[in-house]
Amino acid sequence: MKTRVRFAPSPTGPLHIGGLRTALFNYLFARKEEGIFILRVEDTDQSRYVTGSENYIQETLEWCGMIPDEGPKSGGNYGPYRQSERKAIYKEYIEKLIERGGAYYAFDSNEELAESRATIEKDKQTFKYSAKNRMSFKNSLSLTEEETKLALKGDYVIRLKVESGNMVSVHDEIRGTVRVNTDELDDKILMKSDGMPTYHFANVVDDYLMKISCVIRGEEWLPSLPLHKLIYTAFGWETPKFMHLPLILKPSGKGKLSKRDGDKDGFPVFPLSWGEDTPGFREMGFMPEAMINYLALLGWNDGTENELFTLEELESKFSVSGIQKGGARFDYEKARWVNHQKITQANTDDLIQMDTVKKMLSDFPKKNHLALFNLVKERLFSLNDLRGELSFIQSPYAYDEKVLEKLKDKGPISVLNKIKEEVEKDNEQLKESLMAWAKENSVPIGTLMQCFRLALVGKLTGPDLFEICNLLGKELSLKRIDDLIKYINLKLT
Ligand code: GLU
């Protein structure tokens, strides 16, 4: 059987990184098995539909380089790939199911159901519409044929007929087999009164019709698996395989990672921005390669200590046995570390062509872009760090007063004059000459370097001093040395 997997998001807002991780694992599984990766948009719940979400999902997949083989945009032989365009299909299949005796019409009003619920809950019991009590409700099983015909003129839903006292056994490729007694389940609604299918029904029908061989989705859907199995069985269909991916947990404490965690600690939980106030990983300076690599680590490993992979490597190494059962803790610093590695490994020529990078370099002459980027490349954990790392070159700065205080009694003026003299001479052996001079005159190397750095950068951190000097060029370097000499003179007098 050909491997066919699907990523089936609901367009109810931006894609959470947990959703993107599900997409990634589906994609990798498809590539590894030389199968087909499908995007199916599950938009049957019109009350939760959010305009722009589908485009967002599509754009995110493209940014990550995970182009669906089949989907609303890519097309394919099993479409339409938007559930809202498949209403006629669901109608045909629900009628088939009723004919087979696997489902029935139910006519109870919301008020009637609420009343029954209240009575049951008063006794601290959970309300369930099931084999035990369905004959006391208004449905096509309890009413006569005539009554049913009449009732069908009004509103109705269609429910799955779950037989009581059976054991359903469901198998998850990651977690193994679980057995559930059907008495624990209820007669779930499959078709709503507006003629739209519920998630459960549409999902099963589509997975069957789209010939999905393995359903890979988040762990939150595991409790629905027995119900899905019953729908397959009611149709007489074989089930696909199932894999439920571990939850992505908060950075600390209990529970699932949420947008609130990100807002609280200042990290993104969406891959791309959503509105102006919610930046995504992309806007926070992440490379898509890093996003993918980090997401792959959230619940999977290749059995070694290796944590850095390209998409191609992941495509060939991915395996179900490497997926963990337990939740995967989100760690933003780790994500930044992965991004740092990707930036370091990337070709600078390519990096400076990226829109975000171009924007940050736009204040500098184009001929220096490559050198400037290379100067600070090793220090970047996000592409956005570039602006800060380069700020010393363009902006006026304040000197670090604490350093000045320490240098004040160490003859900084004569040191600075010597540096100035050598820079003036265009000395190609600047570093060596200054070192030799310092040694001869018993000036500690630390003092020499600190004076020079303070002059050029205003503080003691930053990239290699002599490279900075080169990049600033003779004129600007001399000016900055002069500025510091003047500043110290002013302070000391
Ligand atoms: N539409 C569901 C979601 O957004 C998909 C669940 C599934 O993959 O079956 O989570």
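Could you please let me know if residue 255 is more than 16 Å from the ligand (Cβ to nearest atom) and open to solvent by less than 50 Å² (accessible area, probe 1.4 Å)? In short, yes. For segment 376-388, filtered to residues that are of a type outside the set (D, E, K, R) and open to solvent by 40 Å² or more (accessible area, probe 1.4 Å), the residue that is nearest to residue 475 (Cα to Cα) is 388.
In segment 440-452, which residues are surrounded by 24 or more Cβ atoms within 10 Å (Cβ to Cβ) and over 12 Å from residue 410 (Cβ atoms)?
Residues of segment 440-452 surrounded by 24 or more Cβ atoms within 10 Å (Cβ to Cβ): 451-452.
Matches in segment 440-452: 452 only.
Only one of the numbered conditions (1) away from the ligand (no atom under 14 Å from the Cβ); (2) β-branched (Val, Ile, Thr); (3) closer than 18 Å to residue 75 by Cβ is not met by residue 51, and that is (3). Summed over segment 325-348, residues that are within 13 Å of residue 386 (Cα to Cα) and either part of a loop (DSSP other than H, G, I, E, B) or of a type in the set (D, E, K, R) (or both) total 0. From the list 54, 99, 95, the one residue that fits, being within 30 Å of residue 6 (Cβ to Cβ), touching a strand residue (DSSP E or B) at 6+ places or on another chain (Cβ under 7 Å) and of a type in the set (Asp, Glu), is 54. Scanning segment 137-145 finds no residues that are basic (Lys, Arg) and within 16 Å of the ligand (Cβ to nearest atom). Scanning segment 195-237 for residues that are closer than 21 Å to residue 47 by Cβ and open to solvent by 10 Å² or more (accessible area, probe 1.4 Å) turns up 195, 196, 198, 199, 200, 220, 221, 224.
Residue-by-condition table, conditions (1) at pLDDT below 95; (2) within 53 Å of the chain's Cα centre (by Cα):
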| residue | (1), (2) |
| --- | --- |
| 409 | yes, no |
| 419 | no, yes |
| 425 | yes, no |
| 429 | yes, yes |
| 434 | no, yes |
| 448 | no, yes |
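Conditions tested, residue by residue: (1) over 22 Å from residue 479 (Cβ atoms); (2) of a type outside the set (Phe, Trp, Tyr); (3) surrounded by fewer than 18 Cβ atoms within 10 Å (Cβ to Cβ); (4) at pLDDT 95 or above.
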residue	(1), (2), (3), (4)
368	no, yes, yes, no
374	yes, yes, yes, no
390	no, yes, no, no
395	no, yes, yes, no
416	no, yes, no, yes
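Yes/no per residue for (1) under 22 Å from residue 466 (Cβ atoms); (2) within 24 Å of the chain's Cα centre (by Cα); (3) touching a residue at least 60 places away in the same chain (Cβ under 8 Å):
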{"position": "319", "(1), (2), (3)": "no, yes, yes"}
{"position": "337", "(1), (2), (3)": "no, yes, no"}
{"position": "342", "(1), (2), (3)": "no, yes, no"}
{"position": "358", "(1), (2), (3)": "no, no, no"}
{"position": "366", "(1), (2), (3)": "no, no, no"}
{"position": "374", "(1), (2), (3)": "yes, no, no"}
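Can you pull out the residues in segment 1-21 that are within 15 Å of the chain's Cα centre (by Cα) and within 11 Å of the ligand (Cβ to nearest atom)?
Let us first name the residues in segment 1-21 that are within 15 Å of the chain's Cα centre (by Cα), namely 7, 9, 13-21.
The answer is 7, 9, 13, 15, 16, 18, 19.
Cβ separations smaller than 6 Å between residues 6+ apart or across chains give the following pairs from segment 449-467 residues that are farther than 12 Å from residue 483 by Cα and in a helix (DSSP H, G or I) to residues that are open to solvent by 10 Å² or more (accessible area, probe 1.4 Å) and among the charged types (D, E, K, R): 465/453; 466/431. Scanning segment 266-294 for residues that are closer than 17 Å to residue 18 by Cβ, touching a Pro at 6+ places or on another chain (Cβ under 9 Å) and assigned to a helix (DSSP H, G or I) yields one hit, 291. Counting the residues of segment 453-476 that are more than 44 Å from the chain's Cα centre (by Cα) and either loosely packed, with under 12 Cβ neighbours inside 10 Å or modelled with pLDDT of 90 or more (or both) gives 1. Considering every residue within segment 176-186, establish whether at least one is away from the ligand (no atom under 11 Å from the Cβ), open to solvent by less than 60 Å² (accessible area, probe 1.4 Å) and within 32 Å of the chain's Cα centre (by Cα). Yes. So, in segment 110-137, how many residues would count as being exposed (fewer than 14 other Cβ atoms within 10 Å of the Cβ), without any contact (Cβ under 8 Å) to a residue 12 or more places away in the chain and of a type outside the set (A, V, I, L, M)? Selection size over segment 110-137: 11. Taking each residue of segment 138-162 that is within 18 Å of residue 201 (Cβ to Cβ) and looking for partners that are in a loop (DSSP other than H, G, I, E, B) and among the aliphatic types (A, V, I, L, M) with beta-carbon atoms closer than 7 Å, six or more apart or interchain, yields 162/131; 162/185. Condition check: at positive phi, of a type outside the set (D, E, K, R) and touching a residue at least 24 places away in the same chain (Cβ under 8 Å). Does residue 285 satisfy that? So residue 285 fits the description; yes.
Among the residues of segment 22-42, which ones are open to solvent by 10 Å² or more (accessible area, probe 1.4 Å) and either in contact with a Gly (Cβ under 6 Å, 6 or more places away or on another chain) or within 11 Å of the ligand (Cβ to nearest atom) (or both)? Listed by number, the residues that qualify are 22, 42.
May I ask you to list the residues in segment 195-232 that are of a type in the set (Gly, Ala, Ser), within 11 Å of the ligand (Cβ to nearest atom) and closer than 23 Å to residue 105 by Cβ?
Within segment 195-232, the subset of a type in the set (Gly, Ala, Ser) is 195, 202, 213, 218, 224.
With the extra rule that they be within 11 Å of the ligand (Cβ to nearest atom), the set shrinks to 202, 218, 224.
Listed by number, the residues that qualify are 202, 224.
Selection within segment 313-360: residues that are touching a strand residue (DSSP E or B) at 6+ places or on another chain (Cβ under 6 Å) and either aliphatic (A, V, I, L, M) or open to solvent by 40 Å² or more (accessible area, probe 1.4 Å) (or both). The member of this set that is farthest from residue 281 (Cα to Cα) is 323.
The values are calculated or read from the model by the stated rules, or taken from the named source; none is laboratory data. All values derive from a computational prediction rather than experimental measurement. Ideal geometry is used to build each Cβ from the backbone, glycine not excepted, and the neighbour counts take in all protein chains shown. Heads up: the accessible areas ignore ligands, DNA and RNA and are worked out on the full protein's heavy atoms, side chains in. Shrake-Rupley method; radii C 1.70, N 1.55, O 1.52, S 1.80 Å.
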